[in-house]
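All remarks here apply to the structure that follows.
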Amino acid sequence: MGIVLYSLKMSAQPIVSSKGKHVETMRKQAITPRNVYLSIVSILGIALVVWGLIRLPAYAPLLTFFLLLALAVAAQITSTSLVGGNVTVEVSTAVSLAVVALYGTSAATVVAAAAVTAVSVTSLQTSWPGWKGAVERISFNIGMSAIAIFLAGLVFEASSVALESSPIFGGIVPWLLAAIIHDQINLWLLIGLLHLQNKIPPLDIWRDHKWAVPINVLVMSVGGGILAVAVKEFNFLGIAIFFLPILLSAYSFRIYVSQTKRQMGQLEELVALRTQDLADANKELEQVNKDKDAFLAVLTHDMRTPLTSIKGYSSILRDRELGREQQVQIAKIILRSEETLLEIVNNILDIEKLQSGTPILLERSSFDLALLVTTVIESIESLALEKNIAILHQEVPQPVIITADEQKTQRILLNLISNAIKYTPEGGNVSIDTYMKGHFAVVDIKDTGYGIPEDELPHIFDRFRRVESHQQRAVGTGLGLAIVKSLVEAHDGEILVTSEVNVGSTFTLKLPL
Ligand code: ADP
């Protein structure tokens, strides 16, 4: 609902020379086609306005003229920047056209220039292009509107005279013609500048803006026509009756557009957020894929080793005549392999439960952690014996009582101590100390094993993570430490590790008392 002013957005990018210094002033002073064009339009337009101002005393009644001028300014200031374009919709040009009919073309150039100056000055507050830029912008805007309304006025006057004899055509055609001329002159003057300045093909600009042409023409001709008739018939009252509602609707339209813009902004934010979500989901999917691959590796490699061993030794038992001692030896190996298999299966089942997102339920009770450590060591001592590893464990003189889930604590200790044995070569040793420190019960599990490279340390508690060089040395799933971490966290405890390759590792378990 309004007339479009093709308001100018001056190119604000300064030109930078090879030495990096700004040479903006050189550009401004240089005689370029853009500058020549800008000067011609500005000078021509301003000359027309001066001519309009000289004829000021002839505009009668002068008070109504000034009232119309004030309304044009107000209308222009309520102009609405349409989303994403340098096109503004307002109704001030309808006033200019009415002024053409009421006071003549020269008066209309003054009204148009006043309105355009007002809006250019207001917009400078938000985008100050420097005083030279500001003068350029305002002069060109004035020039463009003055020339457009001047030519529209000429067409209006000529067609009014030509159609004087036909009351119907005479009352419609001049308004329509003038509005079309005004709109197109305004648009093409702007296209000229944008083309010279930014090298945009003229037809591209025209195509972008052509949707606005019918609205402009309609509002300018109908609005201008009604306003002129109203002022002729009712003078001041006419302005109030016919123009103020238009102005108010322009204002509400402006509010509507700014709200829409805000909503669009929110929508864009939402889209950005969703895109992020999608990226996160993709990352998660990648992780799931990696886990799947690692899981398959466990199934194919780590479970295969004990299975092959069971199969091989069972065949030996079946096919060969063996002495009692040899039979016991083989049975032990088979049992060991079965235990390994069971451990792998248990680990897989546990990690699924622990990391499924459902909180870990703890069955808390008070027990002696030192005693539990001793029990766990006893249960896996045979592993150490097989590898000739000494377990150094000092009995603690007094109990270390904690309130925790005993079974889960046992699992933590079992994983840590069996790892220490698993990743220590034959003849090494593992020392285990239990003590109290502050509000924590602490268990240090120190081995003289292969150690963990520094860059692997931060990831060692991730599931399926195994140090590459350890994979040939021991069977494992890479799940034991992930289980330990989940269980320790569920107890509000802490698990720390220090390690040096080929020297050994120390895992420190801290559980609150
Ligand atoms: P795994 O079933 O492979 O033992 P864990 O989650 O228990 O899985 O351990 C992950 C990896 O951390 C192991 O594969 C091993 O490379 C390394 N690791 C764990 N404990 C020790 C240790 N005491 N000494 C050296 N490396 C260790």
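The values are calculated or read from the model by the stated rules, or taken from the named source; none is laboratory data. Every value quoted in this text rests on a predicted model; they were computed, and no experiment measured them. A quick note on method: Cβ atoms are made from the backbone with ideal geometry, for glycine too, and the neighbour counts reach across all protein chains shown.
Quick check on the range 491-508. Is at least one of its residues within 7 Å of the ligand (Cβ to nearest atom) and in contact with a Leu (Cβ under 6 Å, 6 or more places away or on another chain)?
Taking the range 491-508 and keeping what is within 7 Å of the ligand (Cβ to nearest atom), we get 499, 505, 507.
Now restrict to residues that are in contact with a Leu (Cβ under 6 Å, 6 or more places away or on another chain): 507.
The answer is yes; a qualifying residue exists.
Conditions first: (1) closer than 30 Å to L317 by Cβ; (2) at pLDDT 85 or above; (3) among the hydroxyl-bearing types (S, T, Y). S365 passes all but one, so which condition is the exception?
Here S365 clears every test but (1).
Let's see how each residue does on (1) over 30 Å from S92 (Cα atoms); (2) under 52 Å from the mean Cα position of the chain (by Cα):
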site	(1), (2)
S258	no, yes
E269	yes, yes
L273	yes, yes
A281	yes, yes
V288	yes, yes
S314	yes, no
G323	yes, no
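From T477, T434, which residue is modelled with pLDDT of 95 or more and in contact with an Asp or Glu (Cβ under 9 Å, 6 or more places away or on another chain)? Steps first, please.
Values: T477 fails: modelled with pLDDT of 95 or more.
Going through T477, T434 in turn, the sole match is T434.
Filter the range 481-511 down to residues that are of a type outside the set (D, E, K, R) and either at positive phi or part of a loop (DSSP other than H, G, I, E, B) (or both), then give me how many there are. So that I can check it myself, show each step before the final result.
So in the range 481-511, the residues of a type outside the set (D, E, K, R) come out as 481-484, 486-488, 490-491, 493, 495-499, 501-509, 511.
Subset that is either at positive phi or part of a loop (DSSP other than H, G, I, E, B) (or both): 491, 493, 501-504.
The total comes to 6.
Among (1) in the same structural domain as E426 (by TED's automatic domain parsing); (2) surrounded by fewer than 18 Cβ atoms within 10 Å (Cβ to Cβ); (3) among the hydrophobic types (A, V, I, L, M, F, W, C), there is one condition I412 misses while meeting the rest; what is its number?
(2)
M220 fails exactly one of the following numbered conditions: (1) surrounded by fewer than 12 Cβ atoms within 10 Å (Cβ to Cβ); (2) at pLDDT 80 or above; (3) among the hydrophobic types (A, V, I, L, M, F, W, C). What is the number of that condition?
(1)
Can you list residue pairs whose Cβ atoms sit under 6 Å apart, with the first residue in the range 487-500 being over 15 Å from Q410 (Cα atoms) and the second being not aromatic (F, W, Y)? Count only pairs 6 or more apart in sequence or on different chains.
Short answer, once both residue conditions are applied: D492/P512; E494/K510; L496/T508; T498/T506; S499/G451; S499/I452; S499/S505; E500/G451.
Being within 16 Å of the ligand (Cβ to nearest atom) and either in contact (Cβ under 8 Å) with a residue 24 or more places away in the chain or not assigned by TED's automatic domain parsing to the domain that holds K292 (or both) narrows it down to one residue among D405, D350, D368; which is it?
On the way: D405 fails: within 16 Å of the ligand (Cβ to nearest atom); D368 fails: within 16 Å of the ligand (Cβ to nearest atom).
Only one candidate passes the filter, namely D350.
If I ask for residues that are at pLDDT below 80 and not polar (S, T, N, Q), which ones from the range 345-359 would you list?
Scanning the range 345-359 gives I348, L349, D350, I351, E352, K353, L354, G357, P359.
State all residues of the range 388-407 that are under 49 Å from the mean Cα position of the chain (by Cα) and either hydrophobic (A, V, I, L, M, F, W, C) or surrounded by 22 or more Cβ atoms within 10 Å (Cβ to Cβ) (or both); if no residue qualifies, say none.
I402, A404
Would you mind telling me which numbered condition in (1) farther than 23 Å from L496 by Cα; (2) not in a helix (DSSP H, G or I) E343 fails?
Result: E343 fails condition (2) only.
Which residues, taken from the range 460-480, are assigned to a loop (DSSP other than H, G, I, E, B), more than 7 Å from the ligand (Cβ to nearest atom) and within 39 Å of the chain's Cα centre (by Cα)?
Selection gives F461, D462, R463, F464.
Considering the range 408-459 alone, what residues qualify as being aromatic (F, W, Y) and either within 8 Å of the ligand (Cβ to nearest atom) or touching a Phe, Trp or Tyr at 6+ places or on another chain (Cβ under 7 Å) (or both)? Quick ask: steps written out before the conclusion?
First, pick out the residues of the range 408-459 that are aromatic (F, W, Y): 423, 435, 440, 450.
Listed by number, the residues that qualify are Y423, Y450.
Let me spell it out: the conditions are (1) assigned to a helix (DSSP H, G or I); (2) farther than 20 Å from T117 by Cα, and L38 meets all of them except one. Which number is the exception?
Exception for L38: condition (2).
Among the candidates D183, D208, which residue alone is under 30 Å from S39 (Cβ atoms) and either modelled with pLDDT of 85 or more or outside any helix (DSSP H, G or I) (or both)?
Result of the check over D183, D208: D183.
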